[in-house]
Amino acid sequence: MKILLLGKDGQVGRELCRALLPLGEVVALGRDGADLRDQDALLAVLSSCRPDAIVNAAAYTAVDAAESDRETATQVNALAVATLARHARAARALLVHYSTDYVFDGAQQRAYSETDRPNPLNVYGSTKLAGEQAIQAAACDALVFRIGWVHSRHGKNFLNTMLRLALERQRLDVVSDQHGTPTSAEFVADVTALAIRQHCAGRLPAGTYHLAAAGSTNWHAYARYIVAGAAARGASLTLAPEQIHAIAARDYPAAAQRPSNSTLDTAKLSHALQLRMPSWTEQVDRTLDQLSQTGKPAF
Ligand SMILES: NC(=O)c1ccc[n+]([C@@H]2O[C@H](COP(=O)([O-])OP(=O)(O)OC[C@H]3O[C@@H](n4cnc5c(N)ncnc54)[C@H](OP(=O)(O)O)[C@@H]3O)[C@@H](O)[C@H]2O)c1
């Protein structure tokens, strides 16, 4: 199987470079090899590569910046995805794509399942939902994974931001009324590889799946967990967990509105793949272990 991986330098993309290797030949491209704002260049890549599967980990992920740059977010998260889906349909290729927990408005108390109605609150979520709809409209063979609160030892994410701030600050205010599930890019990539394998063997139907660790938390409790875990691994920090104070989202200025609950119900995927979803704390522990072994500044 020949796999075209787009977005190889992102958090999930980096892990996919490793996880997809046992499945076949992987052609991994970053922004310089395939810019999703350029439809003609994207089509040229698709026709010269002729992949059996396209795995799209590239996206416009700057949630706040998207509020004032709807055009670029739409190009990357919706129009380019439509191009990929139409190509996949015509070439009978599999499309694997990632969407977001931010397609939901958060009004629901329980975790969101795949049958719950999306209603995004922000531009990023709207453009990601448009990408999902483009895949449905193209009716190609596709696996779409909704993920959220991604962490990795690499890249921009909440965990790395908290560690950086914990080296500088002696007080931090973090939102406590938004709930979700921290999930590692490594886990997302490993489950993706398993899902592709099972799909190609006829054991996993095409469709949309929620992919997340087990359990849920809020940003404030998550921040405290990160800082306590880093300190326990020998990090020399200026910030202690109890110096992280809970605030309401309405008191934290941000361009984009975020859902108060974006916890994902993963029963569909865990049943289909016979998976035990590890707890979010197990996954954060693993990322902290990896960071402590790589000698990053905090450690
Ligand atoms: N991170 C999260 O918490 C989260 C939550 C929900 C869903 N997701 C979804 O999960 C997927 C993977 O996200 P991630 O966390 O790995 O994101 P990420 O670390 O921000 O990586 C996204 C990658 O897309 C690339 N990209 C952006 N614009 C591009 C363009 N015009 N052409 C080509 N490449 C472009 C970026 O390249 P540069 O590095 O050059 O900018 C980056 O390498 C995305 O579909 C995202 O929407 C992520």
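Readers should treat all values here as calculations from the given coordinates under stated rules, not as data from a laboratory. None of the values given here were measured: they were computed from a predicted structure. Glycine also receives a Cβ, built like all others from the backbone with ideal geometry; neighbour counts cover every protein chain displayed.
Here the condition is being in contact (Cβ under 8 Å) with a residue 40 or more places away in the chain and more than 20 Å from A80 (Cβ to Cβ); of R37, R18, R50, it holds for R18 alone. Candidates are the residues of region 163-183 that are within 14 Å of the ligand (Cβ to nearest atom) and either closer than 20 Å to F299 by Cα or not polar (S, T, N, Q) (or both); the one that is farthest from the chain's Cα centre (by Cα) is G180. For region 147-158, the candidate set comprises residues that are within 11 Å of the chain's Cα centre (by Cα) and within 7 Å of the ligand (Cβ to nearest atom); within that set, the residue that is farthest from S279 (Cα to Cα) is N157. Among the numbered conditions (1) in contact with a Leu (Cβ under 8 Å, 6 or more places away or on another chain); (2) closer than 20 Å to D141 by Cα, the only one that Q75 does not meet is (2). How many residues are away from the ligand (no atom under 13 Å from the Cβ), surrounded by 19 or more Cβ atoms within 10 Å (Cβ to Cβ) and of a type in the set (G, A, S) when one looks only at region 85-100? Residues meeting the conditions: 3. Taking the criterion of being surrounded by 23 or more Cβ atoms within 10 Å (Cβ to Cβ) and among the hydrophobic types (A, V, I, L, M, F, W, C), the only residue of region 129-139 that qualifies is I135.
L143 is checked against (1) in a strand (DSSP E or B); (2) within 12 Å of the ligand (Cβ to nearest atom); (3) of a type outside the set (D, E) and fails just one. What number does that condition carry? Just one mismatch for L143, condition (2).
Scanning region 53-68 for residues that are among the polar types (S, T, N, Q), in contact (Cβ under 8 Å) with a residue 60 or more places away in the chain and crowded, with 16+ Cβ neighbours inside 10 Å turns up just one, T61.
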